[in-house]
Amino acid sequence: MKLCVIPARGGSKRIPRKNIKKFCGQSIIIYSIKTAMKSGCFDHIVVSTDDIKIANIAKSFGASVPFLRPKKLANDYVGVIPVVKHAIEWFNSQMQSPSEVCCVYPTAPFLKPISIRKGYNQMKRTGADYCFTATSFDYPIQRAIQISVDNRVKMLNPKYIKTRSQDLKKVYHDAGQFYWGKAKSWITEKPLFSKNATAYILPRYLVQDIDTLEDWTRAELMYLTLKKIKI
């Protein structure tokens, strides 16, 4: 059985009610639910939440909410692995043990069904424990600067001050869209960002982290532009 888990707690701080805030006209979690459905990969699509309103919205768009997430797994410090592990253990208790599980973030409006399918195939083909989305930084992070409280500047890595940007190693970051994994890897809490994983690379124009209201505005503008030019 292939399981999709969409983690959507109710207590987001920087963007209140983030997981059901309207994004270009509809609650942002709906995009993730619809994309997971369109991928055709899953036997069950579950929203893991501690919030009744989120649960009702999720169910109204076809996801299931067979349990409410316990409070100990719904605070600011709990990572994605324990949340997915909890969902797997619930299904195991119902004699419906998953073989592979994909965690799809509820704030991933740029995620495409084909990416979910290709990510799964890449995980299987490479024999990795996980496959997750990644994209390249748009500026060499080796040349990053720090700014003090009085606006003074200091290089994070001064040794690169004279290195040409084209000579610096290309680096990537988590794109925050999906995380495929073998069920036993989630259960044993193998680390995601390690040699256990393979990265499914996305172009930067399909990635926007949404942590602040500024991110939110940028993401909506990107989404509307991509929709207009049909990418």
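The values are calculated or read from the model by the stated rules, or taken from the named source; none is laboratory data. Quantities reported herein were computed from a predicted structural model and do not represent experimental measurements. Cβ atoms come from the backbone with ideal geometry, glycine included; neighbour counts cover every protein chain shown. The protein model used for the area step is the full one, side chains on, heavy atoms only, and it has no ligands, DNA or RNA in it. Shrake-Rupley method; radii C 1.70, N 1.55, O 1.52, S 1.80 Å.
Tell me, yes or no, whether the range 123-132 has at least one residue that is at pLDDT 95 or above, assigned to a helix (DSSP H, G or I), more than 19 Å from Val104 (Cβ to Cβ) and not basic (Lys, Arg). Yes: one or more hits. Scanning the range 9-40 for residues being touching a Gly at 6+ places or on another chain (Cβ under 9 Å) and not β-branched (Val, Ile, Thr) gives a total of 4. Screening His44 against (1) within 17 Å of the chain's Cα centre (by Cα); (2) farther than 23 Å from Ile210 by Cα leaves a single unmet condition, (1).
Scanning the range 111-123 for residues that are open to solvent by less than 90 Å² (accessible area, probe 1.4 Å) and either among the polar types (S, T, N, Q) or in contact with a Phe, Trp or Tyr (Cβ under 8 Å, 6 or more places away or on another chain) (or both) yields a count of 8.
Among the residues of the range 124-144, just one is loosely packed, with under 13 Cβ neighbours inside 10 Å and polar (S, T, N, Q), namely Thr126.
In the set (1) under 24 Å from the mean Cα position of the chain (by Cα); (2) within 18 Å of Pro109 (Cβ to Cβ), the condition left unmet by Ile229 is number (1). For Val65, indicate whether it is among the aliphatic types (A, V, I, L, M) and either out of contact with any Cys (no Cβ under 6 Å at 6 or more places or on another chain) or crowded, with 19+ Cβ neighbours inside 10 Å (or both). Answer is yes for this residue.
Candidates in the range 1-43 are the residues that are charged (D, E, K, R) and open to solvent by 60 Å² or more (accessible area, probe 1.4 Å); of these, the one that is farthest from Arg69 (Cα to Cα) is Lys38.
Do we find that Thr163 is surrounded by 12 or more Cβ atoms within 10 Å (Cβ to Cβ) and in a strand (DSSP E or B) in this structure? Considered against the rule, which asks whether it is surrounded by 12 or more Cβ atoms within 10 Å (Cβ to Cβ) and in a strand (DSSP E or B), Thr163 comes out as no. Condition test on Tyr179, is it more than 22 Å from Cys4 (Cβ to Cβ) and either polar (S, T, N, Q) or under 17 Å from the mean Cα position of the chain (by Cα) (or both)? No: the conditions fail for Tyr179. On the stretch given as the range 199-226, residues that are touching a Lys or Arg at 6+ places or on another chain (Cβ under 9 Å), among the polar types (S, T, N, Q) and over 16 Å from Pro106 (Cβ atoms) total 1. The number of residues in the range 73-98 being surrounded by fewer than 10 Cβ atoms within 10 Å (Cβ to Cβ) and either under 15 Å from Gly10 (Cα atoms) or modelled with pLDDT under 95 (or both) comes to 2.
If the condition is being touching a Cys at 6+ places or on another chain (Cβ under 6 Å) and not in a helix (DSSP H, G or I), then the range 213-231 contributes no residue at all.
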